[in-house]
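A quick write-up on the structure given underneath.
The values are calculated or read from the model by the stated rules, or taken from the named source; none is laboratory data. The model shown is predicted, which means the values in this text are computed figures rather than measured ones. Quick reminder, even Gly has a Cβ in these numbers, built from the backbone with ideal geometry, and neighbours come from all protein chains shown.
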Amino acid sequence: MNIEKFIQEQAAASIETLYGKVGDELIQVQKTRKEFEGDYTLVVFPLLKASRKSPEMTAAEIGEHMTAASPALNGFNVIKGFLNLALDPAFWGARFAEIAADEKFGLGQPSGRTVMVEYSSPNTNKPLHLGHIRNNLLGYSVASILAANGNEVIKANLINDRGIHICKSMLAWQLYGGGETPESSGMKGDHLVGKYYVEFDKHYKAEIKELAAQGMAEDEAKQNAPLMLAAQEMLRKWEAKDPETIALWETMNGWVYEGFDKTYKDLGVDFDKVYYESQTYLLGKNIVEEGLAKGVLYRREDGSVWIDLTADGLDEKLLLRSDGTSVYMTQDLGTAYQRFEQYKLDELIYVVGNEQNYHFQVLKLVLKKLGYDWADHIYHLSYGMVELPEGKMKSREGTVVDADDLMDGMVAEARQMSEELGKLDGCTEEQAEAVGRMVGLGALKYFILKVDPKKTMLFDPRESIDFNGNTGPFIQYTHARIRSVLRKADETGVDYSGKVDPNAGFVQAEIEIIKQLADYPSVVCAAGETLSPSLVAAYVYDLAKLYNGYYHDHQIMREENQAVRRMRLQLCLQVARMIRSGMALLGIDVPERM
RNA sequence: GGUCCCGUAGCUCAGCUGGAUAGAGCAACAGCCUUCUAAGCUGUAGGUCUUUGGUUCGAAUCCAAACGGGAUCACCA
């Protein structure tokens, strides 16, 4: 049941009898702040007009009436204009029983809606870095959260496998690679290709410098450097389907895909549908034609097609080049159309960095002007950049934090920590390895997902990600601790299965935990509405923190009263379950021991 | 210049559609392991919520302006 709503209804009923009917928006119920006594608080200020009495009087009257009317309420206090209502322990006990019995607790009813989440969408000319990690984790988590809210979710990846940047890597490999392959070099495929992307840039810069020394202007040098001309020539060949070029392209992209597959696997993300730009880049031209016919778009003398968005505060935007070839925007128009058609999507979410805010603003506006109603159901989940202490990451300047390196580092650190603490003595090598992975990745994932997506975040590679405090490992540790207690119960034959007794004599700390457990569905729902994994992260952290305090102050297995011990074990079980469930929404696994 | 985002403790971040004395973690300091996992728990200290106006019973939150930081405005993607 939705407790807040329950209180709201009780309050509405009492207010109506006392003062007459008032609007729902005036009945403001919120959780009581920790420093005050009570569970829920009714803010009475908005009701003063109806009551025509002082805040204190009004609150007292409503409090009296509500506690008399509802057996679930066993007391109240008034502080200034705030009416703090206390619920009966048995009421919380009933909620606890409800939660324990509900296997789908926290999961929303099927919504009948289909949502596509596009995320990751890498270029195949270099390996993934920290920025991609944020993208992938966000996309995966948002997809999980939407699924938990009862939506049919399609995870999509649009791989940018063509274009001039790919040709640069290919060309450099041809020129300087000496036939090097992932096998011959022992390098991961995406890293190998990335190496030649950097190599291209190095030689290209040298050429520019040389041309400049010969007196050529910089812009001109950039355009006329032999390497650039060769790369452009290669792109033309690719577009003309030159067999040799295509073969090289397929080979090198194949290396990259193998590399990406490993990175995705390590990260724990996956996709239901993979699109390749080489197969979609021609889409959208017919939409442009349609726009021309409708007069929404216009053609310039040189043949290029544009849309004028100056009336909307934006600029003019190119949609088709003068040679008739498409640009990024053309393709996105086409793929969006195709997806809404094919899957009858209710929503299409693009997880893309905020550097592309303008692009998506334009995309939606163009579709809207073309008369497509579904344009309103495109949502750009725009996330901030991950910055280093010295500023933005620049792949060409080698200041990127590589995804694979970062993950390996985190895992190694987690492993070392486990060993130092002696936590995994007696475990097999495989178990220790698995825990190290879980904890290392848990630290990384939580570190990234606890931050509001739209904010720029800072990552300092010299200061490793914490394992203490508000971190993934803290939460994982709490889970492992609980499992340890439950194992002990199993080993000693203490039975805690069966129904929860709602009158088991809960102490306040237990009620606080039950309150937090009861909150889970509304958090999952809010996270789905706002596409914010950070809400789930904060929730799980609060739960773990509450539990740790409780664990510190109360005996569980050593509790002598069998009924109380049973209830405590059941409570532990539910906390572990909600931690596991919440962390799963973040794409984080929790260990049985650590 | 246009559009958009951000500004909260020394650092990294929470603070939901306006509500009570602005919260965590890290770092610092002081404590707690012969007792279910100390990756834990407790305490101390740390704030002009960038600034100024406005809206109102009430503003970190909403509005406006200023200041500071970032992104973007390509026949790149």
Scan of region A:101-128 for residues that are in contact with a helix residue (DSSP H, G or I) (Cβ under 6 Å, 6 or more places away or on another chain), small (Gly, Ala, Ser) and under 23 Å from A:Val500 (Cα atoms), ordered by number: A:Gly106
All strands (runs of 3 or more DSSP E) inside region A:48-157 with 1 or more residues being closer than 16 Å to A:Ile15 by Cβ: A:73-79, A:82-87
Residue within region A:494-506 that is touching a Gly at 6+ places or on another chain (Cβ under 7 Å) and either in a strand (DSSP E or B) or under 20 Å from A:Lys423 (Cα atoms) (or both) present: no
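I need the full set of residues from region A:524-568 which are hydrophobic (A, V, I, L, M, F, W, C), within 9 Å of RNA strand B (Cβ to nearest atom) and in a helix (DSSP H, G or I), in order please.
First, the residues of region A:524-568 that are hydrophobic (A, V, I, L, M, F, W, C): A:524-527, A:531, A:535-538, A:540, A:543-544, A:546, A:556-557, A:563-564, A:567.
Those still in the list that are within 9 Å of RNA strand B (Cβ to nearest atom) too: A:526, A:535, A:537-538, A:544, A:546, A:556-557.
Once the filter is applied, which keeps residues that are hydrophobic (A, V, I, L, M, F, W, C), within 9 Å of RNA strand B (Cβ to nearest atom) and in a helix (DSSP H, G or I), region A:524-568 yields A:Ala526, A:Leu535, A:Ala537, A:Ala538, A:Ala544, A:Leu546.
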Complete set of residues in region A:438-452 that are more than 8 Å from RNA strand B (Cβ to nearest atom) and in contact (Cβ under 8 Å) with a residue 60 or more places away in the chain: A:Met438, A:Leu441, A:Gly442, A:Leu444, A:Lys445, A:Tyr446, A:Ile448, A:Leu449
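Of A:Ala527, A:Ala518, A:Ala537, A:Ala504, which residue is surrounded by 19 or more Cβ atoms within 10 Å (Cβ to Cβ), touching a residue at least 24 places away in the same chain (Cβ under 8 Å) and closer than 14 Å to A:Ala563 by Cα? Working first, answer last.
Values: A:Ala527 fails: closer than 14 Å to A:Ala563 by Cα; A:Ala518 fails: closer than 14 Å to A:Ala563 by Cα; A:Ala537 fails: closer than 14 Å to A:Ala563 by Cα.
Result: A:Ala504 is the single residue among A:Ala527, A:Ala518, A:Ala537, A:Ala504 that is surrounded by 19 or more Cβ atoms within 10 Å (Cβ to Cβ), touching a residue at least 24 places away in the same chain (Cβ under 8 Å) and closer than 14 Å to A:Ala563 by Cα.
Name the residue, out of A:Thr471, A:Thr478, A:Thr456, A:Thr492, that is at pLDDT below 95, near RNA strand B (Cβ under 10 Å from one of its atoms) and of a type in the set (S, T, N, Q).
None of the others qualify; the one that does is A:Thr456.
Tell me which residues, restricted to region A:300-317, are crowded, with 16+ Cβ neighbours inside 10 Å, near RNA strand B (Cβ under 8 Å from one of its atoms) and either closer than 12 Å to A:Val362 by Cα or not polar (S, T, N, Q) (or both). Even if it seems obvious, please write down each step before you answer.
Pass one, region A:300-317, residues crowded, with 16+ Cβ neighbours inside 10 Å: A:304-305, A:307, A:309, A:317.
Adding the requirement that they be near RNA strand B (Cβ under 8 Å from one of its atoms) leaves A:304, A:317.
Result: A:Lys317, single match.
Restricted to region A:15-55, and to residues that are farther than 30 Å from A:Ala509 by Cα and either touching a residue at least 60 places away in the same chain (Cβ under 8 Å) or acidic (Asp, Glu) (or both), which residue is farthest from RNA strand B (Cβ to nearest atom)?
Looking at the filtered set, the residue picked out is A:Glu16.
Sort out which residues of region A:478-514 are among the aliphatic types (A, V, I, L, M) and within 23 Å of A:Asn468 (Cβ to Cβ), and write them in order of number.
Filtering region A:478-514 for residues among the aliphatic types (A, V, I, L, M) gives A:480, A:482, A:485-486, A:489, A:494, A:500, A:504, A:507, A:509, A:511, A:513-514.
A:Ala480, A:Ile482, A:Val485, A:Ala509, A:Ile513 - these are the residues of region A:478-514 that are among the aliphatic types (A, V, I, L, M) and within 23 Å of A:Asn468 (Cβ to Cβ).
Name the residues in region A:219-265 that are of a type in the set (Gly, Ala, Ser), in contact with an Asp or Glu (Cβ under 6 Å, 6 or more places away or on another chain) and assigned to a helix (DSSP H, G or I), would you? Show your work before the answer.
Applying the first criterion (of a type in the set (Gly, Ala, Ser)) to region A:219-265 yields A:221, A:225, A:230-231, A:240, A:247, A:254, A:259.
Filter again for in contact with an Asp or Glu (Cβ under 6 Å, 6 or more places away or on another chain), leaving A:225, A:259.
The one that is of a type in the set (Gly, Ala, Ser), in contact with an Asp or Glu (Cβ under 6 Å, 6 or more places away or on another chain) and assigned to a helix (DSSP H, G or I): A:Gly259.
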